[in-house]
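Following: one structure in structure tokens, then a few remarks.
The values are calculated or read from the model by the stated rules, or taken from the named source; none is laboratory data. Remember, it's a predicted structure, so these values are computed and weren't measured experimentally. Quick reminder, even Gly has a Cβ in these numbers, built from the backbone with ideal geometry, and neighbours come from all protein chains shown. Surface areas here come from the heavy atoms of the whole protein model, side chains and all, with no ligands, DNA or RNA. Shrake-Rupley method; radii C 1.70, N 1.55, O 1.52, S 1.80 Å.
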Amino acid sequence: MNIAVCCKSVPGLVTDLKVGSDGKSLQYQSQLLAINECDEYALEEALVLKKAHGGQVTVISMGGIKSQDVLYYALAKGADKAVRVDCDSHDPRIASTVLAAALKKLEFDLVLTGTQSRDTLGGQVGVAAASLLGLPFAYAVVGIEVRDEKTIIARKELGGGRYADLELQLPALLCVQTGIEPLTFVPPARRIRARQQPVRSFSVGELGLQTEPLAPKGYRILSVRPPERLHQAELLQGSAQEIAAALLTKIRESV
Amino acid sequence: MARAVLVLVEHAGGKVDSVTSQLLTAGRQLATQLNGGLVALVIGHQLDGVVGALKISGADKILRVDDPALASAAGEAQGQVIAQVARQIEPRFLLIGYSLVGMELTPAIATLLGINAFTNCVNVEMRDGAVTVTRPLFDGTQHAHIALDESAVIALQKGSFAPLEPSTKEAAVETVAIDSMNLPSRSQVLAIIEEPAGDVDIGKAEIIVSIGRGIGNEDKIPIVAELADALGGVLACSRPVVDVGWLPRERQVGASGKTVTPKVYLACGISGAIQHLTGMRDSHRIIAINKDPNAPIFGVAHIGVVGDLFEIVPALTKAAKEAKSLRD
Ligand SMILES: Cc1cc2nc3c(=O)[nH]c(=O)nc-3n(C[C@H](O)[C@H](O)[C@H](O)COP(=O)(O)OP(=O)(O)OC[C@H]3O[C@@H](n4cnc5c(N)ncnc54)[C@H](O)[C@@H]3O)c2cc1C
């Protein structure tokens, strides 16, 4: 079974997050891009499926040259091939259009993505790409069982401790939930070695996409700023002991 | 002609989910300002009970798509049905709850309709003549305010709006037929499974002390477990703590875990993502300890401490133990 995994690179350790001078963008000190955690779980699951059923795992990431690091990381984890599409956008419509076009160039039975990325918290790209490709899909998948060459059973969360078991015909796309497999550790030596492996890269033009549909449209970002609190919490201040004493009183009077 | 605001009704087991009434509040505000109607769309099978409950929900009209094919339909077919209906009525906006249902369906519907979707929204309102949504970025520590110039799907967090007052007038119900023969059948629901009960039921506790990723390390868990003990409460957690295997799933609070309403919910090192808030925001008293003053947990907390949990928690444990020994 050939599996394509979509992995986004997101700022790793973010320090000094602040709103840019235009008031509409975020600026931060983060030299490193790391694999988006939700996507790492998707990658782990792909590698587990590959071990059990054979086939190849291709990781694919949309992003600038810096996001190449995430692809090397995925190769070090055990992915067979890596593809980068050179396009930087936080717009889910654009990202899904680009990823769907790139997926068309690959051979796969199954596409795995994470549920959401930590920077934009949108959770749209996986299902949107499936819809563009006309694939059946499921979101928040906690278990995958391969029935035969053509069918899989996926268990997805419904919330509140309820799950649905779905039968899906391949090819299909699943947005994998965190925790589906334990994350494995990659020894630094393997990460260094992985940098020797080739990464195929595409420009959006090479994917046959025009630049016009790749511009955000239909909305304007007015501002980005820390949340306004409608319901202001009472903030306790003082030494740890003073705060503890105050908290204990509050807890006591609540029960 | 003014276009309607369409609200997707969320329901399960014959019951309308509470998010629906909240969506109707948001939808009513928009519809009034846009001078259009408020239409509720419900899809599924055997919907008599659900439609009955919706009649006085405050919507102007209810569209009912009730078809045996929808009984076991997965996201792909559901998305297509909703898109089919939306194409007929061309709403100005489609409102959906950002629950697990909405997370799955929103991008599918928007893609099929070729419009934008804005997920995870905490607000939608008219601002300077434009419908504007507010949604979190970066673990919720920042909010983006986005003006919408075109039709869009807006997925709103549960709890963003109060429920709509029931109306005295019954809404008209219109049955919409769909082309169920041509629905995709490449994915089907085989069964619905309930998670078996675990050893502890955090839903019964009066005091919950909950840890998040801020705990940093499995070895540190006893520090907070000791506080839970000293307060006579139980230990619970956010999802990442379970994902890495530090605590069992039955301790997880949130959208895909338990919903709890204890007298005291003490959140230690939890940022307050919507999927967590959904499971605890109705607790009687919420206390949050977090290093980051912008953490969204402070948006629902009654009492907040901006600080290091490893300073506050041991001090509180000590105070609780001393108070206890005084009483005994
Ligand atoms: C479909 C779906 C379902 C989900 N279901 C759930 C669910 O049921 N429950 C759930 O919880 N999540 C759920 N999530 C995940 C959710 O989106 C968040 O990722 C998660 O809640 C974040 O957990 P957290 O707050 O512990 O971690 P983070 O967001 O990483 O926050 C850690 C916090 O700790 C603070 N901190 C760090 N160190 C310290 C310190 N020493 N002292 C004080 N504060 C400190 C930081 O400032 C930060 O705010 C779900 C996600 C999806 C997509």
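Okay, residues lined up against (1) farther than 19 Å from B:Gly198 by Cα; (2) hydrophobic (A, V, I, L, M, F, W, C):
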residue	(1), (2)
B:Lys220	yes, no
B:Ile223	yes, yes
B:Ser256	no, no
B:Ser283	yes, no
B:Ile289	yes, yes
B:Thr317	yes, no
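So if I check each of A:Ala52, A:Ala82, which one is part of a strand (DSSP E or B) and either touching a Ser or Thr at 6+ places or on another chain (Cβ under 6 Å) or over 16 Å from A:Arg118 (Cβ atoms) (or both)?
Values: A:Ala52 fails: part of a strand (DSSP E or B).
None of the others qualify; the one that does is A:Ala82.
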With within 14 Å of chain A (Cβ to nearest Cβ) and either more than 21 Å from the chain's Cα centre (by Cα) or open to solvent by less than 20 Å² (accessible area, probe 1.4 Å) (or both) as the only criterion, which of B:Val51, B:Val9, B:Val39, B:Val19 stands out? B:Val19
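With respect to A:Ser67, is the statement that it is part of a loop (DSSP other than H, G, I, E, B) and of a type in the set (S, T, N, Q) true?
Values: part of a loop (DSSP other than H, G, I, E, B): no; of a type in the set (S, T, N, Q): yes.
Here the answer is no, as A:Ser67 does not meet what is asked.
Consider segment B:172-197. How many of its residues are part of a loop (DSSP other than H, G, I, E, B), at the interface with chain A (Cβ under 10 Å from one of its Cβ atoms) and of a type outside the set (Ser, Thr, Tyr)?
Narrowing segment B:172-197 to residues part of a loop (DSSP other than H, G, I, E, B): B:176-179, B:183-186, B:195-197.
Next, only the ones that are at the interface with chain A (Cβ under 10 Å from one of its Cβ atoms) stay: B:184-186, B:195-197.
Remaining after also requiring of a type outside the set (Ser, Thr, Tyr): B:184, B:186, B:195-197.
Selection size over segment B:172-197: 5.
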Which of (1) surrounded by 19 or more Cβ atoms within 10 Å (Cβ to Cβ); (2) at pLDDT below 95 is the odd one out, the single condition A:Glu149 does not satisfy? (1)
Exclusive hit being surrounded by 12 or more Cβ atoms within 10 Å (Cβ to Cβ), assigned to a loop (DSSP other than H, G, I, E, B) and touching a Cys at 6+ places or on another chain (Cβ under 9 Å), set A:Leu209, A:Leu183: A:Leu209
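To keep it simple, each residue is scored yes or no on (1) more than 30 Å from B:Arg92 (Cα to Cα); (2) within 16 Å of the ligand (Cβ to nearest atom).
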{"site": "B:Gly140", "(1), (2)": "no, yes"}
{"site": "B:Asp149", "(1), (2)": "no, no"}
{"site": "B:Ala162", "(1), (2)": "no, no"}
{"site": "B:Pro166", "(1), (2)": "no, no"}
{"site": "B:Val189", "(1), (2)": "yes, no"}
{"site": "B:Ile207", "(1), (2)": "yes, no"}
{"site": "B:Ser210", "(1), (2)": "yes, yes"}
How many residues are closer than 22 Å to A:Asp88 by Cα and more than 23 Å from the chain's Cα centre (by Cα) when one looks only at segment A:176-212? 6
Being open to solvent by less than 10 Å² (accessible area, probe 1.4 Å) and at pLDDT below 95 is the filter here, so list the residues in segment B:79-131 that pass it. none
If B:Ile215 satisfies every condition in (1) within 12 Å of the ligand (Cβ to nearest atom); (2) open to solvent by 10 Å² or more (accessible area, probe 1.4 Å); (3) more than 19 Å from the chain's Cα centre (by Cα) but one, which is the exception? (2)
Complete set of residues in segment B:54-69 that are out of contact with any helix residue (DSSP H, G or I) (no Cβ under 7 Å at 6 or more places or on another chain) and either open to solvent by 40 Å² or more (accessible area, probe 1.4 Å) or within 19 Å of B:Ser187 (Cα to Cα) (or both): B:Lys55, B:Ile56, B:Asp60, B:Lys61, B:Asp66, B:Pro68
Within segment A:215-227, identify whether any single residue is in contact with a helix residue (DSSP H, G or I) (Cβ under 9 Å, 6 or more places away or on another chain), more than 9 Å from chain B (Cβ to nearest Cβ) and in a helix (DSSP H, G or I), and answer yes or no. no
Tally, over segment B:22-36, of residues that are within 15 Å of the chain's Cα centre (by Cα) and open to solvent by 10 Å² or more (accessible area, probe 1.4 Å): 1
Quick one: count up the residues across segment A:93-122 that are open to solvent by less than 30 Å² (accessible area, probe 1.4 Å), more than 18 Å from A:Ile3 (Cα to Cα) and within 13 Å of the ligand (Cβ to nearest atom). 5
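Have a look at A:Ala189, A:Ala215 and point out the one that is under 27 Å from A:Leu99 (Cα atoms), hydrophobic (A, V, I, L, M, F, W, C) and loosely packed, with under 12 Cβ neighbours inside 10 Å.
Numbers: A:Ala189 fails: under 27 Å from A:Leu99 (Cα atoms).
Among A:Ala189, A:Ala215, only A:Ala215 is under 27 Å from A:Leu99 (Cα atoms), hydrophobic (A, V, I, L, M, F, W, C) and loosely packed, with under 12 Cβ neighbours inside 10 Å.
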Conditions: (1) without any contact (Cβ under 8 Å) to a residue 60 or more places away in the chain; (2) open to solvent by 30 Å² or more (accessible area, probe 1.4 Å); (3) over 30 Å from B:Ser72 (Cα atoms); (4) not acidic (Asp, Glu). A:Gln169 meets all but one. Number of the miss? (3)
Considering only segment B:220-328, give the strands (runs of 3 or more DSSP E) lying wholly within it that have at least 3 residues that are within 13 Å of the ligand (Cβ to nearest atom), over 25 Å from B:Gly159 (Cβ atoms) and open to solvent by less than 30 Å² (accessible area, probe 1.4 Å). none
